[in-house]
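Before any comments, here is the structure.
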Amino acid sequence: MKNNITAKFIFYSLLLSSIYANAQKTTLEVDIAKTVTKIQPTMFGLFFEDINFAADGGLYAEMIKNRSFEFDKPLMGWEQPNTKRSSLNMQSGVATPIYVSENKTNPNFCRILINDDKGYAIINEGFRGMGVKINAKYNLSLKAANPEGTIKKIIIQFIDKDQKVLGETVIIPSSKEWKNYTVQFIATQTEAKAKLKITFEGTGIIDLDMISLFPEDTWKNRKNGLRKDIVQLLYDMKPGFLRFPGGCIVEGRTLADRYQWKKSIGKVENRKTMINRWNMEFGHKQTPDYFQSFGLGFYEYFQLSEDIDAEPLPILSCGMACQYNTGELAPIEELDPYVQDALDLIEFANGTIDTPWGKLRADMGHPKLFNLKYIGVGNEQWGPDYIERYKVFEKAIKAKYPKIIIVSGSGPSPDGEHFDYAMQELKKLDAELIDEHYYKSPQWFRENAARYDKYDRKGPKIFAGEYAAQSVSGANPNNRNNWECAFSEAAFITGLERNAEVVNLTSYAPLMAHEDAWQWTPDMIWFNNLESYGSANYYVQKLFSINKGTDLLAITQEGKQLTGQNNLYGSAVKDVNTKEVIVKLVNTAAETQDITIDFKGSKLASKGSLTTLTSPDLHDENTFSDPEKISPKTTVYKPKGEEAQLRLPAYSVTVLKLKIK
């Protein structure tokens, strides 16, 4: 037995020696003294769209689904358990939606008739349940009218699937007229699929509306705010910008259901609920209960941008509904309201308090300007109709706000007839910033790392606004956030960074998805009702974002840019603020590569750091059970003078950071 173990040890030692001996050896050169161009602070950012329950049920921490009874089916999300037990109990009470036409944005409320005092209740199911944590505080608010004064008590409880009570409080409905009530209670157990039960004591009628529930512990402890764990993941990326609110959600299937920013501001209870365009878009994952409360609206998007130190980048409808759906067009002669929306949005963000929209912003709690610099016209429209409408927007915006940078679009694909036409026409118009989208295979991302090497340095700047490697195919529910996709994106990103003269903004898409309510995969961040984690793709994005530097440097092999030779990709920057040189290297080969980097033009300090993101299996991915399976590992690194020698694992992303003397 001992001899067998010894033989195996010798065999594996020889095998490893052979692997190391045969590792690809490459020498690279980085000249620290020669800046190619400045890296824009916006180089790496975030794209948010309300898809995959990313807003209601996700980032927006509201726990009640259909809180104001405004879904197309007004009692969707609400159960009446008493009516299901027996024919006798069917008479104990009933909840009925009531329509009041005077309130145009929130016309429904719920009238409840309790016929006997046997504990009639209604239950809200939440967004695939409610995540509650032991000892955490929760704030409930509601509007109630007790017209006959006969309902004595409203009992509020968290319950689990077995009806066990997980926390409780009481409201005494003291007014015959509409009155707001607020209470706080504490969860006694952690449960991912809790529900909220509301039980009534007394007989007669009680009217309810705007039943809302938030955790006390939100981002920055804002009342009725955002989910702290999710925002923390965004904040940790140090994003340069936040694009919102989408995506195809901007366009709508029809113009009537496009995203209209003015309907998303003001008092939350006056924001009109709308169906979400993604609710029935895909047969593989239909979600008829997917609506938009707009509790997360444009004011909150601007505030979030400010919180995470990101430039706000709103995208507005250009008068074209989604061309994958109806393609409905607003006639050119009827485009004025759409253009005015854009002008008014700029005033909302940047206007002083003596302007109408600036005053509204101040009245909402933010007298300080949001300092908007960018605005997007359309999402990913294509063809002559888009170019014609873009011209109208461009003329009007520049006439009133000449310093605002306008983002235009090149369509949904990175090549083909629509793309070629858009690029040709937008270049003629001296467009400032063109949004390009790519949802392609991992191989495409590796093969296109040099995509921007030959782009005109004096032409429009590029916003790589939506990209993600698709492990199967575009819009396929079987796409995975696997390691091959992630490191292939990293290879592509080195090309984006190497071309910072042209590429000014980049963002992965979509940003996030609910474990039980997604429509599109892959996604950068996954969450359920209790937890959230970053995918391998998230860590790739984060590594580049937190190490973007200020100045682009050339990284060459035998005098040529490193663009994927021998499956090796790279980019280099320096940070004049921290006095560091940062090299990012991506090894997409199945074997180890030995790398020597010769640094020219400056002396290096005696030690720095080496961060590696790697996994041996192309199909590995992070999960709720193992959220950091693929995550960065950082060690101290000591260069040899002005030379660094690195051993890059197979399938790896490596960031070398060294102080400059």
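No lab work stands behind these numbers, since they all come straight from the coordinates. Remember, predicted model here, so these are calculated numbers, not experimental data. Methodologically, a virtual Cβ is constructed for each residue, glycine included, from the backbone with ideal geometry; neighbour enumeration extends over all protein chains shown.
Multiply the residue separation of SER473 and ASP456 by 0.36 nm, subtract the distance between their alpha-carbon atoms, and state the gained length in nm to one decimal.
3.1 nm
Sorting LEU613, LEU618, LEU604 on the 10 Å Cβ count, fewest up front, what's the list?
Listed from fewest to most nearby Cβ atoms, that is LEU618, LEU604, LEU613.
Which stretch or stretches of segment 216-249 have amide N atoms under 16 Å from the point lying 7 Å from THR169's Cα along the Cα→Cβ direction?
Those under the cut-off are 216-218, 222-225.
If the reach is capped at under 12 angstrom between alpha carbons, list the aspartates and glutamates near LYS34, excluding any in the same chain fewer than eight residues apart.
Excluding near neighbours in sequence, the set is ASP551.
Could you work out the relative contact order of the chain? I mean the mean sequence separation of Cα pairs under 8 Å and 6+ apart, divided by the number of residues, in percent.
16
Going by amide H atoms built from the backbone, whose H comes under 5 Å of the H on LEU553, apart from near neighbours?
For LEU553, the qualifying residues are VAL36, ALA572, VAL573, LYS574.
How far is the Cα center of segment 402-437 from the Cα center of segment 176-225, in Å?
Rounded to whole Å, the Cα centres lie 47 Å apart.
Using amide H atoms built 1.01 Å from N in the peptide plane, name the residues 5+ places from TYR374, or on other chains, whose amide H lies under 5 Å from its own.
ILE405
Which of the residue pairs LYS133/LYS176; LYS454/LYS574; LYS25/LYS548; LYS228/LYS607 have a Cα-Cα distance greater than 31 Å in the structure shown?
LYS133/LYS176; LYS228/LYS607
Given the pairs LYS153/LYS195; LYS73/LYS285; LYS38/LYS368; LYS584/LYS640; LYS223/LYS272; LYS38/LYS400, which are separated by over 25 angstrom at their Cα positions?
Result: LYS38/LYS368; LYS38/LYS400 exceed 25 Å.
Fewest to most neighbouring Cβ within 10 Å: what's the order for GLU281, GLU334?
GLU334, GLU281
Could you tell me the relative contact order of segment 464-547? Use alpha-carbon pairs under 8 Å, at least six residues apart, and round to a whole percent.
Dividing the mean separation by the residue count of segment 464-547 yields 32 percent.
With r defined as the distance between the Cβ atoms of GLU306 and ASP117 and R0 fixed at 60 Å, what FRET efficiency is calculated, to the nearest 0.05?
0.75
Output the DSSP H helices from the chain with an along-axis C-alpha extent of no less than 18 Å and a mean Kyte-Doolittle hydropathy no less than 0.0.
Helices meeting the criterion: 2-21, 483-498.
In nm, what is the difference between 0.36 nm times the number of residues separating GLU148 and ALA33 and their Cα-Cα distance?
33.3 nm
In what sequence do ARG480, ARG111 fall when counting other Cβ within 10 Å, fewest first?
ARG111, ARG480
Using alpha carbons only, how many angstrom separate the centre of segment 335-381 from the centre of segment 27-53?
Value for the Cα centre distance between the two parts: 28 Å.
Taking a ≥ b ≥ c as the square roots of the Cα gyration tensor eigenvalues, with a/c under 1.5 meaning rounded and otherwise prolate when a/b beats b/c, else oblate, which class fits segment 297-361?
Note, shape of segment 297-361 comes out oblate.
Just one of [x] 43; [y] 33; [z] 28 is percent of Cα pairs over 37 Å apart calculated from these coordinates, so which is it?
Checked against the structure: label [x].
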